[in-house]
Amino acid sequence: MRRKSEGVLLALSGMLLYGLEPVVIKANPTNPISFAFFSAFIASLILIPTVNLQEAKATWKRGALIGFFGTFLAYISYSIGARLSTAVNAALITRAEVLFSFILASIFLREKITGRRAFYSLLVLSGVAMVITQGKGLEVRVGDFLLLLVPLFWQIGHVIAKKTKANPQTIAFLRNSFGSLYLLPLAVTTGLEFTPYSVAEGFIIAFGQLIWYASIGRIDLSLATAIITPAPAVAIAVALLMGEPVTLWHLSGFALIIFGTLGLSGE
């Protein structure tokens, strides 16, 4: 029970930290691919002192896969999607992660998906759909579509991480090291541009992933994902302070997402 309580507290801490991420990504003034590369690279540098080298050697193949899905594909989609959409949309749409989590966790990790979980997941999905459509039908903008792919890539990486026997520091280091290597050729091709926002994002990535992998090492992946779902509350608060528009559709969708998440967490 103590170990599970630690996992829940870690997930809650991650929720607060990840709430700031879409705001930082949206504020980035440079090439999004270059931003993603520098952010992942800086995160890997921050994590170097914490790495168990023997463990890294033993698990580098899985680390390479986690970096490909969780960082390379996810960050390309997130960085470009956030630029084409808004910070609030980025924060809310990526909360569809809980749905991908339940599907992948049930298939690959054999975590039980009950009727209650399915009902509350549907509420989360309804909230995400409300944010994307803004009451204007089913037309989805390119930025929103890219943002919807992000949680799928994250969860594929998380499933691999859940099956990897390594400490959180090693997994996070491998993910960002390989992720930055995959991103480098694209960043050079599109133009390397450094911005201090990459440093801020690097710290969020490094410490956020340490907290996250420590959390899913203690509790179910699907439960940890549900707990971090309210993270957009932080992004919405910052967006309001910065003058970014927050509509009634955003707030209504967020309410459904929160209600669904509370139901999932309660279970």
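The values are calculated or read from the model by the stated rules, or taken from the named source; none is laboratory data. All of these numbers come straight from a predicted model, not from anything done at the bench. Note that each Cβ is placed from the backbone with ideal geometry, even for glycine, and that neighbours are counted across all protein chains shown. In case anyone asks, the SASA skips ligands and DNA or RNA and just uses the protein heavy atoms, side chains included. Shrake-Rupley method; radii C 1.70, N 1.55, O 1.52, S 1.80 Å.
For the range 141-178, the set of residues classified as touching a residue at least 60 places away in the same chain (Cβ under 8 Å) and in a loop (DSSP other than H, G, I, E, B) consists of Lys163, Thr164, Lys165, Ala166, Asn167, listed by residue number.
Just to be sure, is Gly243 open to solvent by 40 Å² or more (accessible area, probe 1.4 Å), more than 19 Å from Lys4 (Cβ to Cβ) and at pLDDT below 80?
Spelling it out, Gly243 is indeed open to solvent by 40 Å² or more (accessible area, probe 1.4 Å), more than 19 Å from Lys4 (Cβ to Cβ) and at pLDDT below 80.
When residues in the range 170-197 are screened for being under 17 Å from the mean Cα position of the chain (by Cα) and farther than 12 Å from Ala40 by Cβ, 1 of them pass.
Is it fair to say Lys136 is out of contact with any Pro (no Cβ under 9 Å at 6 or more places or on another chain) and closer than 26 Å to Leu65 by Cβ? Answer is no for this residue.
Restricting Ser79, Ser13 to those that are surrounded by 21 or more Cβ atoms within 10 Å (Cβ to Cβ), in a helix (DSSP H, G or I), under 17 Å from the mean Cα position of the chain (by Cα) and not hydrophobic (A, V, I, L, M, F, W, C) reduces the list to Ser79. In summary, Asn52 fulfils each of the numbered conditions (1) among the polar types (S, T, N, Q); (2) within 19 Å of Gly157 (Cβ to Cβ); (3) open to solvent by 10 Å² or more (accessible area, probe 1.4 Å) with the single exception of condition (2).
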